[in-house]
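Note sheet for the following structure.
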Amino acid sequence: MAMVFDPGTVGDAGKRLDRIEPLSWWTGMKTPLQLLVRGDGISLYDIRIEGGKGVLVKAVHKADSPNYCFVDVAVAEDAAPGTYWLVFDKDGESFKYPYEIAARTGTDGKPVPAGQLAGLHDFTSRLFQWRKGKKVIHDGKTMHFLSRDNTYGYFRYDDTDAVFVFINNSRGKKHVPWSHYSEIAAGLHDGRNVLTGEAVEVSDSTCVGPRQVLVVEYKR
């Protein structure tokens, strides 16, 4: 009988990981899942996925920097939604990071219609293509803000550019608490919605729909 993974036997990642993108995934997706992982010396670790059937690591690709790697993940058609664990091993040291594979359902709990799912595929593809050539994404610093009302905001920034990401994981519309981000948001200009290409000015009145993401790039 196969051993059942016990998350309690492995320590948490803590501050050893700076970022993992995308932050979560869905069952039934046709778009291949590749995770970008950043952390000090992270490419020196062996990486596997535990916590359920149908989700596993296919390959790990090292980047030029030892602090980055790309992880190809296979999600079977019958994979169960839930929390899986990315487990990192090196020289007898192990730590884990939770990764959510969500059910492909809408806010009403029903399956997402095919047309909407196609839009989700397009969203993911567009985002991956955009970030490939963005120096601020790969080499910039990150400023996180505490989660509130099941939403999460953070910035990637360098001396000349900034990218704002606001994630609404709730089942209702949420306003962006833009004034809360003033320590970095003040002075940003020429905002552009990465997914639509349209000019945008984010403020406290900006509303993001349920389970949607707002990504805006700026000049500093």
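Mind checking which residues of region 8-56 are within 22 Å of residue 69 (Cβ to Cβ), modelled with pLDDT under 80 and more than 20 Å from the chain's Cα centre (by Cα)?
10, 11
Name the residue that is surrounded by the fewest Cβ atoms within 10 Å (Cβ to Cβ), counting only residues in region 189-220 that are outside any loop (DSSP other than H, G, I, E, B), in contact with a Lys or Arg (Cβ under 7 Å, 6 or more places away or on another chain) and of a type outside the set (Gly, Ala, Ser).
My answer is 189.
Could you look through region 96-111, keep only residues that are among the hydroxyl-bearing types (Ser, Thr, Tyr) and modelled with pLDDT of 60 or more, and pick out the one that is nearest to residue 83 (Cα to Cα)?
Residue satisfying both the conditions and the ranking: 99.
Restricting attention to region 161-183, report how many residues are surrounded by fewer than 19 Cβ atoms within 10 Å (Cβ to Cβ) and over 22 Å from residue 38 (Cα atoms).
12
Which condition number in (1) modelled with pLDDT under 70; (2) in the same structural domain as residue 192 (by TED's automatic domain parsing) is the one that residue 155 fails?
Of the numbered conditions (1) modelled with pLDDT under 70; (2) in the same structural domain as residue 192 (by TED's automatic domain parsing), the odd one out for residue 155 is (1).
The values are calculated or read from the model by the stated rules, or taken from the named source; none is laboratory data. Owing to the predicted nature of the structure, the values given are computational and were not obtained by experimental measurement. Here the Cβ is made from the backbone with ideal geometry for all residues, glycine too, and neighbour counts use every protein chain on show.
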